[in-house]
Amino acid sequence: MANYTYEHTPDRGATAGVLAYLGTACAVLLLMMLVGLLMRLEQAQIIDLGANWFYELMTLHGAGMVGIAGIAGAAVMWHFLRQYVELSPAIFMANLALFLVGVAMIIGSIVFGHFHAAWTFLYPMPSKAMGMWSQEAAALFMGGLLVIGVGFLLMHLDIARAIIARYGNFARALGWPQLFVHDDGKAPPPTVVASTMVTIVNIVGLVVGASILTMMLVNLYLPEFTIDPMLAKGMIYFFGHVFINATIYMAVIAVYEILPRYTQRPWKANRVFLASWSASTLMVMFIFPHHLLMDFAFPQWMLIMGHIIGYLNTVPILVVTGYGALMIVFRSGIRWDMASRLLFLSLFGWAAGAMPAFIDGTITVNYVMHNTLWVPGHFHTYLLLGMVAMVFGFIYYLGKPAQHVRESWLDRAAFWGFTSGALGFTLSFLYAGKESVARRYAVHLPEWLPYDRAGSLFAALVVASSLIFVLRFFSRLGAAGRDYARAPLAQGAAA
Amino acid sequence: MMQEIAWQLSLVLMTLVALGFGFVAINSGVRVEDYTPLQKRAYRIRSKLFWTLVAVLGPAMIYTLLDLPYGTSRAGHKAGPAQVVEATGHQWRWELSRDRVVRDQPVEFRVTSADINHGFGIYDADMHLVAQTQAMPGYTNTLRHTFTADGTYRILCMEYCGIAHHNMMSEIKVGSL
């Protein structure tokens, strides 16, 4: 077995481009969190917006959160990947510019055009508006998604180019020579392996997504060009599943890069690591039928494949990444600050969220829980308590004024507020799902209101805590761009 | 009830994950400088964890495949001919060919949609979801269910379909005809 030792890599500040990504991500994230809070307050019947507003906000919240998760994940990946490969800052910025154009189109379609077919825009709903929105509003929404998708595709093509230029091909960048031939300890670093995986799956996912969006745009103006609804649904969920999962696989790079700096212990790409990332590359692409388990007409072998991969998919999360974090932190003398706390929490959130998720992917469970609040319950666990916590950990790391600065009580209170708020918020969803509360309902039955009210309270705590995280980051933007040591030496570690 | 099992199992597994992270966080303060022995021990524990997961999740994954709601497997073995209910989703109402069925005799719901995607969810009198399938234009999903208790069941839409999605409800009575 190859021997792995920790090699110190100096902490670097973020480029202006990465800061622009993170600034945009933080601002939109907060806004979308507020929109989410409004939705919960409406369901709890604490406020009265009306169904029209609720579904418009729901469409905005879904599209906005998926997009901004992509932007935040891309910022993390790009920041660390540029240590190893030569990336194009111009293309990176072009993606952000296209993203902002797409966001403006989506906001226009919802706010001015009243489009509210949800971010999943299931065919043929955008063209069957029942007078609720215009053809132009639907085109603006789907066009906005298409523009955003093109931006991300450009960025991933540039990353693919850079990885191939440095490593020769994707197989080498995934460490296949070390995995299948001989582990000489010289596999590419985890950041490169993860970025390669994300690039492969997202290029495929984005092309599929862009294809169905284009087909639906054609259908919008040429109704005689029809699409098989099952094919459309499969393509939409393939794209959606791959893209949102890729955001976690991008953001987890922050954990791979930062926790070793805090513990002075290596997180290397050994054979188990390489095997799990290669397996995840395939599983992320082939798991998507678990969104279609209640479409009985879908090919049954694919539904069973979705069920099986749902179980297999939990293994790398638990045994490789989650366990890997536990290994390097155990008896490491790590100094707990906001960055290390949030990054450690994020892996708990990811691993914990995977539990109700794989249970939901069990066909017989899905039969009575599909499209109940159980679903937002599990995805908010691994996205909010997982992916978003990774991003918050990253911004605290970037903005940390010096190695041994002690955070204020306000930041620590916000950490515990975020943790307890996110746990309470997701558990209120999960409990409501257990009680069969249907998902995406503007108006809830009286017996469902207690879960909504509890959820609203916890959501407010999450928003308040996140506001502190974000304000702290904005106040430290200057420091975030400079190169200096941020990660403190572990207690008792040899200097 | 399946929902109760899913909830309790999730809580147990999430708690185990939390305990693992909590244990490591508590034991993170005092550093062991030589990482190699720790690493070797951790790899041995990881192997055990992996095989435990295989031993627990593997049979669970296979066992839960034995009673799928597809095809003729579910409720197919119950006595008597199936009572057929044609169910069509519209924005925003359900059209049912009949709204009364008999208990303990299989019911075959042939579910489709006249316009966009809907979800056909059957709720019992306590508002717990007992069965569902998607309603999709151009396709018919056949849902077989045998009601074991009399009462008024509600049909709710389980796939977002627009402004009145939450109002798209209907009823089906189970009892003597």
Chains A and B: how much accessible area gets covered up at their contact, both sides added, probe 1.4 Å, in Å² to the nearest hundred? 7900
Candidate aspartates and glutamates for bridging to residue B:173, where Cα separation is under 20 Å - those fewer than 8 sequence places away on the same chain excluded: B:86, B:95, B:99, B:104, B:108, B:124, B:126, B:150
proj_area_mean for the range B:21-148 (convex hull on C-alpha atoms), units nm², value 13.8
For chain B, what is the mean residue ellipticity at 222 nm derived from helices alone (per DSSP H run of n ≥ 4: -39500 (n - 2.57); sum divided by total residues; nearest 500 deg cm²/dmol)? -11000 deg cm²/dmol
Test assert for the range A:294-312: residues whose accessible surface shrinks by at least 20 Å² between chain alone and all chains, 1.4 Å probe, equal A:294, A:295, A:296, A:297, A:300, A:304, A:307, A:308, A:311
If you look at just the Cα atoms of the range A:100-239, how large are its Rg and its Dmax in Å? 19.3, 64
Mind jotting down the distance between the C-alpha centroids of the range B:116-177 and the range A:441-471, whole Å? 28
So, with +1 on the Cβ of K and R and -1 on the Cβ of D and E, and no other charges, what is the size of the charge dipole of chain A about its Cα centre, to the nearest 20 debye? 1300
Express in whole angstrom the spacing between the alpha-carbon centres of the range A:78-156 and the range A:316-395. 27
Report, as an integer, the average count of C-beta atoms from other chains found within 10 Å of each Cβ along B:114-123. 4
Any idea of the accessible area per residue across the range A:74-197, 1.4 Å probe, to the nearest Å²? 37
Could you give me the percent of Cα pairs per 10 Å distance bin for the range A:72-166, shortest bin first, beginning at zero and ending with the bin that holds the maximum distance? 17, 37, 23, 17, 6, 0
What are the residues whose amide H is under 5 Å from the amide H of residue B:113, where those residues sit 5 or more places off or on another chain and H is modelled from the backbone? B:89, B:136, B:138, B:139
Residues whose modelled amide H sits under 5 Å from the amide H of residue B:86, counting only those 5 or more places away in sequence or on another chain, are B:97, B:98, B:110
Write down Rg/Rh for the range A:228-387, rounded to two decimals, with Rg from the C-alpha atoms and Rh from the Kirkwood relation over Cα pairs. 1.02
Which value does Rg/Rh take for the range B:1-90 over its C-alpha atoms, Rh per Kirkwood? 1.25
Area projected by the alpha carbon convex hull of the range B:83-174, averaged over all directions, nm²: 4.9
What percent of all Cα-Cα pairs in the protein assembly as shown falls into each 10 Å bin, going from 0 up to the bin containing the maximum distance? 3, 16, 26, 27, 17, 8, 3, 0, 0
Using only DSSP helix segments of four residues or longer, with each worth -39500 (n - 2.57), what per-residue ellipticity at 222 nm results for chain A after dividing by its residue count and rounding to 500? -22500 deg cm²/dmol
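The values are calculated or read from the model by the stated rules, or taken from the named source; none is laboratory data. Just so it is clear, the structure is predicted and the values come from calculations on it, not from any experiment. Glycine also receives a Cβ, built like all others from the backbone with ideal geometry; neighbour counts cover every protein chain displayed. Remember, those area values only see protein heavy atoms, side chains included, never the ligands or the DNA or RNA. Shrake-Rupley method; radii C 1.70, N 1.55, O 1.52, S 1.80 Å.
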